[in-house]
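Trainee: Please see the structure below; I have some questions.
Readers should treat all values here as calculations from the given coordinates under stated rules, not as data from a laboratory. These numbers come from a predicted model, not from an experiment. Cβ atoms come from the backbone with ideal geometry, glycine included; neighbour counts cover every protein chain shown.
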Amino acid sequence: MIKLMKFFNKKDILNIIICIIFVIGSVWLELKMPDYMSEITILVQTEGSKMKDILLNGGYMLLCALGSLICTVITGFLAANVSSNFSKKIRKAIFDKVENLGMQEIKSFKTSSLITRTTNDVTQVEMLIGMGLHLLIKAPITAVWAVTKILNKSWQWSAITGIAIIILLSVIAILIKIVVPRFKIIQKLTDKLNGITRENLTGIRVVRAFNAEKYEEKKFAKINDELTETQLYNQKKFAIMSPMMYLVLYGVTLTIYFTGAYLIKDALMIDKLTIFSNMIVFSSYAMQVIMSFLMLAMIFMILPRAQVSANRINEVIDTNINIKSGDFDGETEIKGTVEFKHVSFKYPDADEYVIKDISFKVNQGETIAFIGSTGSGKSTLINLVPRFYDATEGEVLIDGINVKKYKIENLMNKLGYVPQKAVMFNGSVNYNVSYGKSNKNITKENIKNAIDIAQATDFVTKMDKSYNSIIAQSGTNISGGQKQRLAIARAIAKNPEIYIFDDSFSALDYKTDATLRKELKKYTKEATSLIVAQRIGTIMNADKIIVLDKGKCVGKGTHKELLKSCKVYKQIALSQLSKEELENA
């Protein structure tokens, strides 16, 4: 929790100070009321007392109550303001951190867990601050102040109050000891529940296609029941707190009156009225003391879970970013060159290399393609160019400069990336194609041209609002091939120096694939293209083809050269095309 205090700014601190002032004011007014009550008690029991004096003291009590109410409302407003601003800043900090994390760090947290930490965990901390700024400040001030008011009244009553406080603290300590370890379990179960829900919604078509609804329901019910049982266990234990508090609260009042009755009975007539008055005042202050601990108990009920949530938030915020931005601004005389120098890569904590000792160079205007069996390291290799991962060994150079030296933003401005799985965002076609920040101004003309080159004009113009038609989140209202074409259009509209196509033509039919590549070649003749593909037809016209097998380069050359020199390439080619088609290609 202490680490998160850095998110308070000067305005928040000022509001907290004002909260403390109003809480002190509220406590002072509340503790003043028993004094007036004592005065009224004496006046009522004293002969010759005037009604106006009784009413005057009663009026003072009403003013104290009204003043305390106003102080409490102001404190609540300021506390809500501070807690909501605090949660806003933490959520932004988590989001910004996640945006800057490398793929390695993101994989260490599950997506469902990151969502829970950004929502549920932040809410737990927000609740603690919202209640804490009022109750956590008010309770100890009230308790200490009230105790100073009753210290000299009677040692018997003081002893009763002290015993009650010890009982309450013992109950709170035992409950916290039992319940706290289970809060960490609750947050982890919330992560799992979120993950299962997200997985089910993402794969809803597959679930229905395989009649797996009952299986998914059972899987959800198992985690949901476990979470419910853990929550119920905690709530049942905390449920002991409320009756215990009220039992002690009213038990103390009853015991004070019972003890007071004996003190009054044994006292002289002249002292009876004073003892009675002191008993009324003491019982009121004792109630304030017990209520203070009742307020603290409410804080203790949410503090353990908030502490667990704060630790989970700090885990994200304190995560070290391995892929750090350089300081090179990206301006070079050479344009569009990509070079790998003896590059090897293995995932963190892995024993084996995914790619091993890869070297090649491609110049501006050239196209280099990567092909190989599934798991041969094709996508991993090109993911080193935009620094989704950093090479374990060797160097990746763009325009003669190691990618690690570039500012991340400047590096990305040089690249047009089309992922293996096309990603669409909720928004119009124009929004999706012109998506992101670029060092180039993307006009409507650029968007239309990019869509035309990507062979997407036909289906876009047939949509209800053409280029302004809305694409649903994840592109659920368009087909896989349409998503791929729009993703390619997004890269084209950016007009980068280097294009990266990670198996980006797989969902296209052969005719559309061929037409798109033909138009793309015309448009990108001055740009460098890196293509990962499974189809021989997609890459056979590339200037250079790299054949990968188990992470190693087993062939390098043109299509015709590789047919003669590379056994792996020839096997892949013959599995897709006949000898006649290969000879005529």
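Trainee: What Kirkwood Rh does the stretch 349-494 have if only Cα atoms enter the pairwise 1/r average? Answer in Å.
Mentor: Over the stretch 349-494, the inverse of the mean reciprocal pair distance is 17.2 Å.
Trainee: Further question: As an exercise, take the mean of 1/r over every pair of distinct alpha carbons in the chain, invert it, and state the Kirkwood radius in angstroms.
Mentor: Here the Kirkwood hydrodynamic radius works out to 30.1 Å.
Trainee: I'd like the Kirkwood hydrodynamic radius of the stretch 2-317, using the inverse of the mean 1/r over distinct C-alpha pairs, in Å.
Mentor: 23.2
Trainee: Another one. What does the convex hull of the Cα atoms come to per residue for the stretch 226-331, in Å³?
Mentor: 168
Trainee: Taking just the alpha-carbon atoms of the stretch 451-494, what radius of gyration and Dmax come out, in angstrom?
Mentor: Radius of gyration, then largest Cα-Cα span, for the stretch 451-494: 9.8, 26 Å.
Trainee: Taking the Cα atoms of the stretch 172-248, report the difference between the largest and smallest coordinate on each principal axis, in whole Å and largest first.
Mentor: 60, 19, 13
Trainee: Now for a separate question. If Lys and Arg each add +1 and Asp and Glu each add -1, what is the summed charge of the other residues whose beta carbon sits under 13 Å from the beta carbon of Asp96?
Mentor: My count for the surroundings of Asp96 gives +4.
Trainee: Per the Debye formula with a single identical scatterer at each Cα and no solvent contribution, what log10 I(q)/I(0) holds for the stretch 332-392 at q = 0.20, 0.26 Å⁻¹?
Mentor: Values returned for q = 0.20, 0.26 Å⁻¹ are -0.83, -1.25.
Trainee: In whole Å, what are the Cα extents of the stretch 448-585 along the three principal axes, biggest one first?
Mentor: Result for the stretch 448-585: principal-axis Cα extents of 52, 30, 29 Å.
Trainee: Which longest uninterrupted range of the chain lacks any GluC sites (Glu not before Pro) assigned by DSSP to a loop state (not H, G, I, E or B) and surrounded by at most 13 other Cβ atoms within 10 Å?
Mentor: Longest site-free region, per DSSP loop and neighbour criteria: 48-330.
Trainee: Once Rh is set to the Kirkwood radius over Cα pairs, what Stokes-Einstein translational diffusion coefficient, in µm²/s, holds for the stretch 76-155 at a temperature of 37 °C and a viscosity of 0.692 mPa s?
Mentor: Rounded to a whole number, D works out at 213 µm²/s.
Trainee: Moving to a separate point now. Each residue of the stretch 400-417 in turn: what ³J(HN,Hα) in whole Hz from Karplus with 6.51, -1.76, 1.60 and θ = phi - 60°, glycine and Pro shown as x?
Mentor: These are the phi-based 3J(HN,Hα) values: x, 10, 4, 4, 5, 8, 6, 5, 3, 4, 5, 4, 5, 5, 7, 10, x, 9 Hz.
Trainee: Sticking with this one: Can you give the alpha-carbon Rg of the stretch 205-263 over 2.2 N^0.38 Å, where N counts its residues?
Mentor: Compactness ratio reported: 2.42.
Trainee: Let me ask something else. Among the listed pairs Lys88/Lys407; Lys444/Lys511; Lys404/Lys448; Lys97/Lys405; Lys462/Lys544; Lys110/Lys483, which are separated by more than 31 Å between their Cα atoms?
Mentor: Lys404/Lys448; Lys462/Lys544
Trainee: A further question follows. For the stretch 322-339, just list the computed ³J(HN,Hα) in residue order, Karplus coefficients 6.51, -1.76 and 1.60, θ = phi - 60°, integers in Hz, with x standing in for Gly and Pro.
Mentor: So the J values, rounded to whole Hz, are 6, 8, 9, 5, x, 10, 7, 7, x, 7, 9, 6, 6, 10, x, 9, 10, 9.
Trainee: Could you work out the helix-only [θ] at 222 nm for the chain, with each DSSP H run of four or more residues adding -39,500 (n - 2.57) and the total divided by the number of residues, to the nearest 500 deg cm²/dmol?
Mentor: For the chain, the value works out to -21000 deg cm²/dmol.
Trainee: Give me, ordered by chain and number, the residues 5 or more places off Ser344 or on other chains with an amide H under 5 Å from its own placed amide H.
Mentor: Asp357, Ile358, Thr392, Glu393, Gly394
Trainee: Using modelled amide H (1.01 Å from N, peptide plane; none on Pro or chain starts), what sits under 5 Å from the amide H of Ser428, excluding residues fewer than 5 places away?
Mentor: Amide H neighbours of Ser428, under 5 Å, 5+ apart: Ile471.
Trainee: Another question about this same structure. Would you mind estimating how fast the stretch 420-495 diffuses translationally, via Stokes-Einstein at 4 °C and 1.567 mPa s with the Kirkwood radius over Cα pairs, in µm²/s?
Mentor: 108
Trainee: Next question, about the same structure. Each residue of the stretch 33-38 in order: what ³J(HN,Hα) in whole Hz does its phi give by Karplus 6.51 cos²θ - 1.76 cosθ + 1.60, θ = phi - 60°, with x for Gly and Pro?
Mentor: 3J(HN,Hα) across the stretch 33-38, in whole Hz: 4, x, 4, 5, 5, 4.
Trainee: In addition: Can you list the lysines whose alpha carbon is less than 20 Å from that of Lys52, not counting same-chain residues fewer than 8 positions off?
Mentor: Cross-link targets: Lys32.
Trainee: Hey, can you grab everything whose amide H is under 5 Å from the amide H of Ile545? Only 5+ residues off in sequence or another chain; H modelled, so Pro and N-termini drop out.
Mentor: Placed amide hydrogens put Ala369, Gly557, Thr558 under 5 Å from Ile545.
Trainee: Provide the net charge surrounding Gln235, with neighbours chosen by a C-beta distance below 12 Å and charges set as Lys +1, Arg +1, Asp -1, Glu -1.
Mentor: Combined, the nearby Lys, Arg, Asp and Glu give +3.
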